[in-house]
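The values are calculated or read from the model by the stated rules, or taken from the named source; none is laboratory data. Nothing here was measured: the structure is a model prediction, and the numbers come from that model. Cβ: placed from backbone, ideal geometry, glycine included. Neighbour counts: every protein chain shown. To get the accessible areas, we keep the full protein, side chains included, count just its heavy atoms, and leave off ligands, DNA and RNA. Shrake-Rupley method; radii C 1.70, N 1.55, O 1.52, S 1.80 Å.
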Amino acid sequence: MVISFIKNIIALVGLFILQVTILNKIGVSTYVFPYVYILFLFALPKKLPLWLNLITAFTLGLSIDIFNNTFGIHALACTTMIFFKPLLLNSLLPQDLEDENLQANVHNLGVKKYLIYATVLTLIHHFLVFNLEVFSIFNIFETLLKIITSSGISLFLILILQYIFIKKTL
């Protein structure tokens, strides 16, 4: 339990530092903004109560907002995304699977189910972030392009990080 907690703290700090020091500074395009810090929220254990998930998501999002000067956009996006996480997990996992310690990762869910899980949550997050950032319907196609390209790049990086850092358990 303690080792798992320490690993989660190290993962949180590592993803946070990666996001604010490298990924936020990369100027790939005006349409590509990778957000991989949400991987931490994806991997929170299923056994955590919803209120703790929501507080964790809000705190992580607010921390990103502080470094990005985005005034609560990421906090709202993370909190909304994490609200849908249990619904999505329950629909993807078999009903007879009662492992409450399950962490949603590519090895535990399988590639297909994990891609569905991560894609839906990433699209929710990115949809809220970019729509609240623009807060206008006049640039809808530009905003949709940002959502799609940023989600694609974020998912690609998240999958790479999953295969590099998460070991398959037998």
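Starting from residues that are among the charged types (D, E, K, R) and open to solvent by 70 Å² or more (accessible area, probe 1.4 Å), keep the ones in segment 115-170 and report whichever is farthest from LEU89 (Cα to Cα).
Across segment 115-170, the extreme among qualifying residues is GLU142.
Could you figure out which of (1) within 19 Å of ILE158 (Cβ to Cβ); (2) over 12 Å from the mean Cα position of the chain (by Cα) isn't true of TYR35?
(2)
I'd like to check something: does segment 76-88 contain any residue that is surrounded by fewer than 12 Cβ atoms within 10 Å (Cβ to Cβ) and either out of contact with any Lys or Arg (no Cβ under 8 Å at 6 or more places or on another chain) or farther than 20 Å from ALA118 by Cα (or both)?
Yes, some residue in segment 76-88 is surrounded by fewer than 12 Cβ atoms within 10 Å (Cβ to Cβ) and either out of contact with any Lys or Arg (no Cβ under 8 Å at 6 or more places or on another chain) or farther than 20 Å from ALA118 by Cα (or both).
Quick one: in segment 1-41, which of the residues that are among the polar types (S, T, N, Q) and not in a helix (DSSP H, G or I) is most open to solvent (accessible area, probe 1.4 Å)?
THR30
Within segment 58-66, identify whether any single residue is acidic (Asp, Glu) and surrounded by 14 or more Cβ atoms within 10 Å (Cβ to Cβ), and answer yes or no.
Yes, segment 58-66 has at least one match.
Restricting the search to segment 42-58, which residues are without any contact (Cβ under 8 Å) to a residue 60 or more places away in the chain and part of a helix (DSSP H, G or I)?
Across segment 42-58, the qualifying residues are LEU50, TRP51, LEU52, ASN53, LEU54, ILE55, THR56, ALA57, PHE58.
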